[in-house]
Amino acid sequence: MNFIRTLFIILVIYYGFKLVTRYLLPLLMEKTIKNMQSRMQEQIRDQQRAGRRDGEVTIERNPQQPKTNFSDKGEYVDFEEVE
């Protein structure tokens, strides 16, 4: 009796997994791909709105970032090479 019960449980799990991979997984993948496509299209639109030419280099900084003080990082030691 236990063997038949175990075999039944294994078959239910197998067919359940098969059902999920055949029908639900493609739907989830399709939704994920559509979300990624919309994000990429939004990024392209943002880049086009910026109006930069090809090859142009810009440096963008966050004005809210505190400026670092380089004098607090130690002192500079000048050394000469000894032969």
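Quick note: the coordinates plus some simple rules give every number you see, no bench work behind them. What you are looking at is a predicted structure, and each value in this text was computed from that prediction instead of being measured. All Cβ positions, even for glycine, are placed from backbone atoms using ideal geometry, and neighbour counts span all protein chains on display.
Data overview
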read-out: Value in Å of the Kirkwood radius, where the chain supplies the Cα pairs that are averaged; value: 20.9
read-out: Tilt relative to the chain, helix 25-50 - C-alpha long axis, 0 to 90 degrees, to 10; value: 20
read-out: Cα-based helix-to-principal-axis angle, 2-19 vs the chain, degrees rounded to 10; value: 50
read-out: Contour excess over end-to-end distance, with Cα ends at T32 and F3 and 0.36 nm allotted per residue; value: 6.3 nm
read-out: Radius 12 Å from Cβ of L25, net charge of other residues (Lys, Arg +1; Asp, Glu -1); value: +2
